[in-house]
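Laboratory data are not the source of any read-out in this text; all were calculated from the coordinates shown. A quick note: this is a predicted structure, and the numbers were derived from the prediction, not measured. Cβ atoms come from the backbone with ideal geometry, glycine included; neighbour counts cover every protein chain shown.
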Amino acid sequence: MMKSNWSEGLFWVCGGFCVGGISYLVFHKLTHHTKKPIKVIEKLNQPKMKVTIRVPATTSNFGPGFDTVGMALDLWSEFTIERSQKFEVICEGEGSKELPLDESNLFCQSVKHVFDLLNEPLPILKYHCLNRIPCARGLGSSSTAVVGGLMAAYALLGREDEGQGKLLQLASSLEGHPDNVCPAIYGGIQLGVKLNDGVWKSSRIPLPQGMKTVLLIPDFYGKTSELRNCLPKSISIPDATYNISRVAFLIDALHTEKWENLEFATQDALHQPPRAAKVYSYLDDVIKSSIKAGAYACFLSGSGPSVLALTSTKKNNDKEIGDAMLNTAKLFKLNSVIKYISPTEKGAHVSFAQ
């Protein structure tokens, strides 16, 4: 009888420890599940005190799709505006020492653009830019500031729904082309066009499953305005045909996941050759080295100086491609870094509103 009671008591003691231990673990998990701050989004479509917008980096042109095709990358900058007693601009991260800290900052200008458009008085605001995207490297840093500013202004005014319908038109008009702002707004791969009546349109292209990118990012700036001066004022019919045919193959390759077609489908005759001849002497050799290392395709990211190679999770050869690109860049005495970044289907969004 005593043995039975002892066994039963041991069972309950052990069971108590187990239940207590599990309860502690569950409580600990629930209360310590993350170190990230809780996202607060309140008062949608109502005026707010403070909002934060997250906007992804983008690569544009995709080879032959000049000013037309772009893709969002899983690298994000954050833009915050807050009603305040004092005007202030704070920039952190990439380009923080070079970016203006006054009303001329592109983020500030984009916010003001919306208030002016809506005939709303611009309140005193504190602007905070957390830039994780390298500036002037062909990764859409200016587009993030434009999209972030426009979205932040509409959100602060509590007019998110209205802004959603106007965002593409405003951002494309401010930038002058849609290839960065379309993927920055909507995510994924986007095809942007301007219709004869001046209206901008965007269409999503399927993102091939498992696509990955390898980015060579040089340590010097590439200013889009200056790099456009490298381009010819007119083009020949053979060059036009060359690009038209490759853009057609590019869209088909992305839709059907014909990876083997991407190498020639991303070739270009309009903007890469003149830029390589006048500014980016390393470009052709970096492209060749990445293909030799197993990349499906490689092209100048935007107007450069970054170069982007495409691969996939199936190939799992990111490191080999990155090493090949970096070693080739060193032959040209080019200081660069390699980043391995996946595309993202998600576009700009409100991450905090209160």
Size of the chain as Cα extents on the principal axes (Å, biggest first) = 101, 56, 38
Which net charge results when you count Lys and Arg as +1 and Asp and Glu as -1 among the other residues whose beta-carbon is under 12 Å from that of Asp179?
-> -1
Rounded if a/c is under 1.5, else prolate if a/b beats b/c, else oblate: with a ≥ b ≥ c from the C-alpha gyration tensor eigenvalues square-rooted, which is region 238-344?
-> oblate
Given the convex hull of the Cα atoms of region 114-175, what is a quarter of its surface area in nm²?
-> 4.7 nm²
Return the calculated 222 nm mean residue ellipticity for the chain, to the nearest 500 deg cm²/dmol, obtained by summing -39500 (n - 2.57) across DSSP H runs with n ≥ 4 and dividing by the residue count.
-> -12500 deg cm²/dmol
For the chain, the longest principal axis of the Cα atoms and the Cα long axis of helix 318-331 enclose an angle in degrees, to the nearest 10, of 40 degrees
In degrees, nearest ten, helix 160-175 long axis to first principal axis of the chain (Cα) = 30 degrees
If Lys and Arg each add +1 and Asp and Glu each add -1, what is the summed charge of the other residues whose beta carbon sits under 15 Å from the beta carbon of Ile244?
-> -3
Three-way shape call for region 218-288 based on the alpha-carbon gyration tensor, with the a/c threshold at 1.5 = oblate
When only C-alpha pairs under 8 Å and at least 6 residues apart count, what is the relative contact order of the chain, in percent?
-> 25 percent
Sequence-separation-based contact order of region 102-160, relative, with Cα cut under 8 Å and 6+ spacing, percent = 46 percent
Computed lengthening from Leu118 to Tyr221, 0.36 nm per intervening residue step minus Cα-Cα distance | 33.6 nm
For region 74-230, just say rounded, prolate or oblate: build the C-alpha gyration tensor, square-root its eigenvalues into a ≥ b ≥ c, call rounded for a/c under 1.5, and beyond that prolate if a/b exceeds b/c, oblate if not.
-> oblate
Angle, helix 106-117 long axis vs. longest principal axis of the chain, Cα atoms, 0 to 90°, nearest 10?
-> 90 degrees
To the nearest 20 debye, what is the magnitude of the charge dipole of the chain about its Cα centre, counting +1 on the Cβ of each Lys and Arg and -1 on the Cβ of each Asp and Glu?
-> 620 debye
For region 198-245, divide the Cα radius of gyration by the Kirkwood radius and give the resulting Rg/Rh value with two decimals.
-> 1.06
Positive dipole terminus of the chain, leading residue within Phe264, Pro305, Ser172 (C-beta point charges) = Pro305
